[in-house]
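Here is the structure we will look at.
Each reported figure results from applying straightforward, stated rules to the coordinates on display, with no laboratory input. The shown structure was predicted, so the numbers you read here are calculated from the model rather than taken from an experiment. Neighbour counts are summed over all protein chains in view; Cβ atoms, including those assigned to glycine, are modelled from backbone coordinates with ideal geometry.
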Amino acid sequence: MESSDEALMERLKQGEEEAFRCLMERHEARVFAFFYRRSEDAGLAEDLTLEVWHKIYQARQTYRPQARFTTFLYRVVKNHWIDHIRVHANRPRKTLSLEHAVGSAAADEGTSLGELLQAGGAAPEARQVGRELAAKIREALECLNAGEQRVFEMAVYDELKYADIGAILEIPVGTVKSRMHTSMRKLRAWLEKEGLRP
């Protein structure tokens, strides 16, 4: 039977280095994807991913399984990204890329981004519509406030459930749902204004 993440962290505390390798293998791709989606720079994403795993290793003795390991990991990742942004605050922020999010589950209930975008089909016309829609959504995302954008990114890009987002951001699940609902409403209004009905 495969060990849980929490059990692997406990084994790492006892000095079992193989447990750390197992954790990295399970979650490294998701950590890299988080940084790559936000930076669009593979080299930077690799560096930040390594830095996060270094932090996880350093925190092995103080880790307490009060929540799932993935919640703990995501907090470290999120805080590391915020620290990186603060250090490089004078650099222009790259726009968000939604092409990666098409077809992903945006929430554990309600409208998903996949349903919103519905750009399926291999025909060139369908692909063009999908690209146009994604470009418009990137523009619309800049109009969301920081809290709404953060929830939207975590739900759509990182495919986290509302309960997990609430635990990571330390806000009630109801607030997460409200922010996601507001984000989707604003996106729909933006698209309709641009003549693209979701």
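Figure the gain on full extension for Glu28 and Thr175 (residue separation times 0.36 nm, minus the Cα-Cα span) and round it to one decimal in nm.
Length gained, Glu28 through Thr175: 50.0 nm.
In which sequence would Glu46, Glu10 go, from the one with the fewest C-beta neighbours within 10 Å to the one with the most? Mind showing how you got there, number by number?
Working: Glu46 13, Glu10 16.
Least crowded to most crowded, the residues run Glu46, Glu10.
Tell me, Asp47, Asp5 in order of fewest to most beta-carbon neighbours within 10 Å?
Lowest count first: Asp47, Asp5.
Beyond 16 Å, what share of the Cα-Cα pairs of segment 5-87 remains, rounded to the nearest whole percent?
Of all Cα-Cα pairs in segment 5-87, 49 percent lie more than 16 Å apart.
Starting with the fewest neighbours, write out Tyr57, Tyr36 ranked by other beta-carbon atoms found within 10 Å of each beta-carbon.
Values: Tyr57 13, Tyr36 19.
Ordered by Cβ neighbours within 10 Å, fewest first: Tyr57, Tyr36.
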